[in-house]
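Data first, discussion second: the structure below is written as C-alpha cells.
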Amino acid sequence: MQVIVDKSGVKRYLVTLNINGDSYTRVVRANTMLVNFLREEINMTGTKKGCELGDCGSCTVLMDGKPVNSCIVLAVEADGHQITTIEGVAQNDKLDRIQESFVENAAIQCGYCTPGMVLSAKALLTENPHPTEQEVREAIAGNLCRCTGYVNIVKAIMDASGEQ
Amino acid sequence: MSDNYTQIGKSVPRIDALEKVTGRAMYTGDLKFPNMLVGKLLLSPHAHARIKNIDTSEAEKLPGVKAVITHKDVPPIKYGLSPARWDETIFCVDKVRFVGDKIAAVAAVDEETVYKALKLIKVDYEVLPAVFDAFEAMKEGAPQIFEEYPGNINTEINQNFGDVDKAFKEAYYVRTDRFDGQRTYQCPIEPHATIAYWEGPRVTVYSSIQSVHYLQYYLSKVLDMKMGDIRVLKTYVGGGFGGKLDPSGLDFSAVVLSKKTGRPVKMFFDREEMFFNNRGRHAQFMELTTGVTKEGKILGVHANFVMDGGAYTGLGVASAYYAGALLTVLYDFDNYKFDMLRVVTNLPPCGAQRGHGQPQPRYAFESHLDNIAEHLKIDPLEIRIINARKPGTVTVNGFKVDSYGLKEALEKAREISGWRDKKGKLPSGQGIGVGNGGFVSGAGYPIYRTDLPHSVATIKVTDDGTSAILYTGAVEIGQGSDTVLCQMAAEAMGYRYENMKIVAADTDLAAHDFGAYASRQTLMSGAAAKQAGEEVKKLILETAAEIMDVSPAELDCKEGIVFIKANPETTKTFAEVARTYFVKNGQLIGRGSYRPPKLGGAHKGSAVGTSPAYSAATQIAEVQIDQETGEVEVKEAWDVHDCGFVVNPALLHGQVHGAFYMGMGESIWEEVLFDQNGKLLNGNLAEYRLPTALDMPPVASELVDTVDPNAPWGVKEVGEGATTPTMGCISNAIYDAIGVRVKNLPLTYEKIWRAIKEK
Ligand code: FES
Ligand code: FES
C-alpha cells in the first residue's frame, strides 16, 4: 500500500477497494473506517450507521462474501478486497430474491436496519441455501431491528431460501 | 363488509418498500449539501453544577472552526414540549442539571476538527450536590434542582372520582401492591440528525423528527422567528417510538450555527448522546389498592404513584397524567383516586415512549389483578372478562368509549393460546400469563393550546389524471402512515393505491398535521385524507355526469373507473374524466380537515387521555424459566387486538410484532443504568440490551372485529396500544412458572434467581 506523508507529517494511504464490481482508489487516513469510506468518499449512503461500535449491524457489508460491520473495519484493511454493499445487491434495478421477499413479507418498517439485514441474509443463503429457522435467527442475531420484532424478517429470509 | 372496499382492508406493499430495500432511501444523515459544515454539541460532564464561566476563545482559534455558540448567542427564551412547565433553554445559562446537559455547539469543516474544538472549550464549573433518586429528591435538605419546584416536585396530581373509601369499605377484599418500573429508552436504530441552511431570511431544517409542525412551532418560539420563515421537513426517518418527538438541541443549534456561518450545517447524535437526549420512559413507582367483590368485580381503585422525571419537564406533565388517566379505560369501575408526584432529579429528562406513561402502570395493574384473582381463586382470564369494559360506556374520569372489544379479545386469546389446557397445568418452571392493554387513537387535544385543526390533507390529481398526489403533514417514521393514508385517499376517491403518490411532512409543500405521536395518524390524518378524497370523487362524478349525460347520483367510481350504477358496463376512466375537469376548471383538487369533537370532563387534567376512539388488546405469553440460573425464555406469545377496521393487515400485524418485541425487552432486559455521579453506564447497544432475533418468540397476532363510529371507516390505533399489555403478561407468566412475584422491572435473570432462592 502506497503511503503518502502530508506536510504536517501525517501519513495517508492509497487504497483500492473493489466495491460492487467497480474499483475505487482513494487516499485515506489510517483511522478511516470502511463505513465512512463508503458513505463519505464514494457517496454510497445505503450502508447505515446506528452505533459505530459494532453493536447494531446496520453498517453490515460483505467483504469477500462474509458479513462484516463496516464501522469496525478500517478502509486500509479493506484494501484489495471485494466489498458488496446494498447498492450492489439489485442488478440493474432487478431486485434480488431476498429483497423481493422482504417487500412481499412486510419485513420492512423504518428501513434503517434493512440494508444490513439483506446483506446478512445474502451471506447466509449463499453459504447455506436451505437454512433452518434457527440458523436464520443466528445469522441475523448481530443485526438489531427496533421495529419488526424480526418476525417478518425471519419469514422473508425463509421464503427466499432455496431460491438463490 | 370489507368486501365492498377495493383499496383498504388489503395488505398492499409499502409505498416506500423499494427505496428502503435497495438502500436508496436517504435519511437525514445521508444528505449532503455543497459547502456543508459539521456541528456537534458540547455536553456537561457533571450532573449538577453552576457554570461560572465559559471560554470559547481557544476553540474559535482552531483552524477549520467556523463558529462556536453558547447561551449568549441565542435568545433567553424558555421552552419545553408541553407548555405546562417551560423550564429548558437551548444552552444552559447558569446551571447544568444532568450529565449530558447542553453547554455549547461548534461548527467546523469536518468531524475531527469539531471534536478537537469541543475539547478546547473551557467551562469553569462549581460542582453542586446532586440527587438521582426520586424519593431522595423529595427529602428535606435534598439538593434543589430548580427554584420553581420546591422539594423537587415538578407535578402533583390528585384526582378523585366517585367515593373510593366507601368502595373499599363495601369490598369483600381490598389489596395493596407496590411495583416499580425502570428507565428505558426508545433506541430507534437511526440516530437523530439535523441539517439547517439559510436562504435569505428563511431557514430550511431537515430533521429526523416525528412532528414537523411542533418543531417548526418551537423553533419559531424559541428563536423568535415567524413560522413562515422556517421550513421543516424530513426525508426518511429510522424509527422514533417517542424519542424523536421533542425538539432537540441539534435542531436549535443547527439553525443558529448555519445562520452564523452562512453555510449548511449538519449535526448528529452518536449512540451515547441518543441516551442523553432522547426523552426515554419514566421510571414509575406504583402503589395500587383495589377493592373487589367476592365474585371479583372491581369496586374501586386507588393509584398512588411517583415518577422520576429527570432534569426537565418536556412532555412529562402529560406523561404523569397519562399514567393514571388511562387506568380507568380497560375495566369498568365507578370509584377511582389517582395521586401522582412527578419529581425532578439530576438524570436525563424523560418523556414519551411508545404507550406514553401507560405501560408501567399497566404492568403494575395487570400483576396486581392476578394477585387478586389468586386470592379469590378466580381464573385470571375470567376476572378480566368479568371486569372488561363494555362498548358505549363512559369511564369514571369522563372518557367516552364507543367501540370496545376487550371481552372478545380475551375470549379469542383464551382459545388460540390453549389457555384452558395450560393455566395451572404446565410443568414446573413453565408458566403462562395474560395481560391487557390499549391506547388512545390520537389525543383529543394538541400538545400546546391552539385551535388549529389536528390534520389537514390535500389531494391533487395530476393534469392527465393518471396519478394523484396526497399532501399530508403526517409523519412516516416506519409505522406505515404514508402507505395507509394513500390507501385511504384512493378508497375515498374511487381510485387505485398504485396510482397514488405522497408528499408528506414538509411544512412548505405538504398540509398541516400534528404528526406521529399518541397513535393518532390512521384515525386523524386518515379522516382528513378521506374527506379530501371524497371531494375529488364528488368533482369526478359531477364531471362524468355531464359527459355521460346522467345525474351524478346515478354514477359511482371504483378503482379508477366511473360507471353507471344501474348499468356498470357503461364506463369512463377516472383519468379521462379528470383530464376533462382539468381542461375546463383547472387543477382537480380535494381538501380535507379533521378536528376531534370536544371531549372529556371538567376536572383538572381532564384533557389527557381523551380520544375519539380507544383500542384494546389481550396478550398471552408462555415462558420457561431455568430454575438454576433464573434465565427466562419467552416461548410463545399471542396477541388479540381490537383496533377497529384494519386498513392494511400486514402493516398492522408488523406493528403488533414490534410492540410485543419492545415490551418484552422492557420486561426482561432493558434498563438504563447510572453510576453514583449520574454518569451513564450502559449508553450503547451492547450493554443496553435490545432483544435480538434469537430472543424473539413466535407471535400469533389476531383481531376482533369492531368498527368505531367516530373514525373514518371505523379505524383505531395499534402501534402504541400493542406494547401496553406485554410487561403485565410476561410478569404474570413468570409468576405462574415460579410461584413468586418479582415486583420491579426489568424481571432479570438475577432477580428471578434470587426470588426462587428466597421462596
Ligand atoms: S454502525 Fe456498525 S455495528 Fe452499528
Ligand atoms: S425496520 Fe426499523 S430498525 Fe428494522
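The values are calculated or read from the model by the stated rules, or taken from the named source; none is laboratory data. Quick caveat, the model's predicted, so the values are computed rather than measured. We place every Cβ from the backbone using ideal geometry, glycine too, and count neighbours over all the protein chains shown. Heavy atoms of the whole protein, side chains included, go into the accessibility calculation; ligands, DNA and RNA do not. Shrake-Rupley method; radii C 1.70, N 1.55, O 1.52, S 1.80 Å.
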Connecting every pair of Cα atoms under 10 Å apart in chain A and solving the GNM, the largest mean-square fluctuation among A:Thr114, A:Thr84, A:Thr148 falls on A:Thr148
Among A:Tyr150, A:Gln109, A:Ala139, pick out the residue whose Cα is farthest towards the positive end of the charge dipole of the stretch A:97-161, where Lys and Arg carry +1 and Asp and Glu carry -1 on C-beta, about the Cα centre. A:Gln109
Please list, or write none, the aspartates and glutamates whose alpha carbon is within less than 16 Å of the alpha carbon of B:Lys61, excluding same-chain residues fewer than 8 places away. B:Asp110, B:Glu112
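Suppose R0 equals 35 Å; then what is the FRET efficiency for B:Lys10 and B:Arg202 from their Cβ-Cβ distance, rounded to the nearest 0.05?
Rounded to the nearest 0.05, the efficiency is 0.25.
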Counting only protein heavy atoms, probe 1.4 Å: which residues of the stretch B:175-217 lose 40 Å² or more of accessible surface in the full assembly compared with their chain by itself? B:Ile189
So for A:Val5, A:Val73, what's the accessible-area order with a 1.4 Å probe, most first? A:Val5, A:Val73
First measure r as the distance between the Cβ atoms of B:Glu758 and B:Glu148, then evaluate 1/(1 + (r/R0)^6) with R0 = 56 Å and state the FRET efficiency to the nearest 0.05. 0.80
The stretch B:151-227-the stretch B:639-696 distance, computed between alpha-carbon centres (Å): 19
May I ask you to list the lysines whose Cα is less than 20 Å away from that of B:Lys757, ignoring any residue fewer than eight positions away on the same chain? B:Lys743
Could you work out the per residue convex hull volume over the alpha carbons of the protein assembly as shown, in cubic angstrom? 177
Which of the lysines could be linked to A:Lys66 by a straight reach, that is with a Cα gap under 27 Å, when you skip same-chain ones fewer than 8 residues away? A:Lys48, A:Lys49, A:Lys94, A:Lys122, A:Lys155, B:Lys20
For a paramagnetic label modelled at 7 Å from the Cα of B:Lys679 toward its Cβ, which residues of the stretch B:84-124 fall within the zone defined by backbone nitrogen distances under 14 Å? B:99-100
Given R₀ = 41 Å, what would the calculated FRET efficiency be for A:Thr25 paired with B:Asp556, taking r from the Cβ atoms and rounding to 0.05? 0.05
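In Å² (nearest 100), what accessible area is buried between B and A, both sides summed, heavy protein atoms only, 1.4 Å probe?
In total, chains B and A hide about 3700 Å² from solvent.
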Phi to ³J(HN,Hα) by Karplus 6.51 cos²θ - 1.76 cosθ + 1.60 over the stretch A:120-136, Hz, x for Gly, Pro: 4, 5, 4, 4, 4, 5, 5, 6, 9, x, 10, x, 7, 4, 4, 5, 5
Hey, can you find the accessible area per residue of the protein assembly as shown for me, probe 1.4 Å, expressed in square angstrom? 35
Starting from the 7 Å offset along Cα-to-Cβ, what nm value, one decimal, do you get for the label separation of A:Glu127 and B:Asp451? 6.5
Where N is the number of residues in the stretch A:2-87, Cα Rg divided by 2.2 N^0.38 Å: 1.05
For the stretch B:388-395, in order, what is each residue's ³J(HN,Hα) by Karplus, 6.51 cos²θ - 1.76 cosθ + 1.60 with θ = phi - 60°, in whole Hz (x at glycine and Pro)? 4, 4, 9, x, x, 10, 10, 6
If the elastic network links every pair of Cα atoms under 10 Å, which of A:Lys66, A:Lys11, A:Lys122 fluctuates the most in the Gaussian network model of chain A? A:Lys11
In the stretch B:652-675, which residues become less accessible by 40 Å² or more once every protein chain is in place, relative to the chain on its own, using a 1.4 Å probe? B:His657, B:Tyr661
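Which trypsin sites (Lys or Arg not before Pro) in the stretch B:265-335 sit in a loop by DSSP (not H, G, I, E or B) and have at most 14 other Cβ atoms within 10 Å of their own Cβ?
Listed in order of number, the matching sites are B:Lys294.
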As an exercise, identify the trypsin sites (Lys or Arg not before Pro) in the stretch B:98-139 lying in DSSP coil whose Cβ has no more than 16 other Cβ atoms within 10 Å. B:Lys139
For the stretch B:529-536, in residue order, the Karplus 3J(HN,Hα) values (coefficients 6.51, -1.76, 1.60; θ = phi - 60°; whole Hz; Gly and Pro = x) are 5, 5, 5, 4, x, 5, 5, 4
Work out which residues of the stretch A:130-150 lose at minimum 40 square angstrom of accessible surface when the other protein chains are put back, relative to the chain isolated, with a 1.4 angstrom probe, and list them by number. A:Arg137, A:Ala141, A:Leu144, A:Arg146, A:Cys147, A:Gly149, A:Tyr150
Where labels lie 7 Å past Cα in the beta-carbon direction, separation of B:Asp339 and B:Lys501 in nm: 6.0
Return the loop-located trypsin sites (Lys or Arg not before Pro) in the stretch B:386-456 (DSSP other than H, G, I, E, B) with at most 11 other Cβ atoms within 10 Å of their own Cβ; answer none if there are none. B:Lys425, B:Arg449
